[in-house]
Amino acid sequence: PFPLGALAIPLAILWLTGFANIFNFMDGINGLAAVTAAVYGGFFSVFGFWQGRPDLAAASLVVVGGCLGFLPYNVPRARTFMGDTGSLLLGIVLALLVVQLAQRSPNPASLIGLLLVCSVYLWDSGYTLLRRLGRGENIFRAHRSHLYQRLARLGLSHVRITFLYLLLHLLMGSLGLAYVSYGGIVRPVILAIAGLILLGFTASVYWL
């Protein structure tokens, strides 16, 4: 662990606002955001119980329950949509849980584990942003170049894309739990596996 000092507040603000917007960007097809938030909340509840923080575990499970209750109305053919209000709220609540769980953990590795849980969304948004910057595009203009949007443009159904992301979330979340559970050489191996999975997923989307 190391103290952030004066950087702590601006970094926290950047994380909270940034992840809230990332979650909003990724809410572009039916079911994806609700499934993602439910999975993230489930993993966060495990972190909370591990750390002896039933309050944070319970808050995480509230997110899970809310999303599962919403999901039947949002799967195709959707009868309602989450919209910016729902996705921004979920994004900032999940971001707050990451901050709280990381700060309250006696294990410094928890932050990396929590970020691994969120890594699919972080990768999709971060890769897309950097790619657009590299191509000289206006990053403030609406686009359809996220990886999940590319799959939708290929003709994959919302259900199939959401199920694919569900599998990725479960895989990366499991790696996050393993990262916290083990030490030594295992941790860099876990990070390497996570990187290969994300790169392989990206390459597969472009190949398709």
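Some values worked out for this structure:
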| quantity | calculated |
| --- | --- |
| Top positive-direction residue, dipole computed over the chain with Cβ charges, set 3, 56, 156 | 156 |
| Segment 1-44: equivalent-ellipsoid semi-axes (sqrt of 5 x gyration tensor eigenvalues, Cα, Å) | 28, 14, 5 |
| Inter-label distance for residue 140 and residue 99, nm, one decimal - labels placed 7 Å from Cα along Cα-to-Cβ | 2.5 |
| For the chain, accessible area per residue (1.4 Å probe, heavy atoms of protein chains only), Å² | 52 |
| Label-point separation in nm, residue 182 to residue 107, each point 7 Å along Cα→Cβ | 1.3 |
| Mean separation of Cα contacts under 8 Å, 6 or more apart, over the residue count of segment 46-196: relative contact order % | 25 |
| Kyte-Doolittle mean at least -1.0, axial Cα span of 20 Å or more - DSSP H helices of the chain | 8-25, 32-50, 54-70, 83-104, 119-134, 158-181, 186-207 |
| Options 24, 202, 91, ranked by Cα towards positive dipole end of the chain, top entry (Cβ charges) | 202 |
| Helix-derived mean residue ellipticity, 222 nm - over the chain, DSSP H n ≥ 4, -39500 (n - 2.57), to 500 | -24500 deg cm²/dmol |
| Contour excess over end-to-end distance, with Cα ends at residue 46 and residue 207 and 0.36 nm allotted per residue | 54.4 nm |
| Dipole in debye (nearest 20) - the chain, about Cα centre, beta carbon charges: Lys, Arg +1; Asp, Glu -1 | 460 |
| Of the chymotrypsin sites (Phe, Trp or Tyr not before Pro) in segment 66-104, those whose Cβ has at most 15 other Cβ within 10 Å and which sit in DSSP loop | 81 |
| Value of Rg to Rh for segment 93-158 (Rh from inverse mean 1/r over Cα pairs, i.e. Kirkwood) | 1.12 |
| Net charge of neighbours whose Cβ lies under 15 Å from the Cβ of residue 123, counting Lys and Arg as +1 and Asp and Glu as -1 | +2 |
| Extension gain from residue 130 to residue 192, taking 0.36 nm per residue of separation minus the Cα-Cα distance | 20.2 nm |
| Paramagnetic reach from residue 80 (point 7 Å along Cα→Cβ, amide N under 20 Å) across segment 30-45 | 30-39 |
| Convex hull volume per residue in cubic angstrom - Cα atoms of segment 40-163 | 125 |
| Per residue, the convex hull volume that the Cα atoms of segment 2-79 enclose (Å³) | 101 |
| In Å², nearest 10: area of residue 154 left accessible to a 1.4 Å probe | 90 |
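The values are calculated or read from the model by the stated rules, or taken from the named source; none is laboratory data. These numbers were taken from a predicted model, which means no experiment stands behind them. Counting neighbours? That spans all protein chains shown, and the Cβs are built from the backbone with ideal geometry, glycine included. The area values use the complete protein model at the heavy-atom level, side chains included, leaving out ligands, DNA and RNA. Shrake-Rupley method; radii C 1.70, N 1.55, O 1.52, S 1.80 Å.
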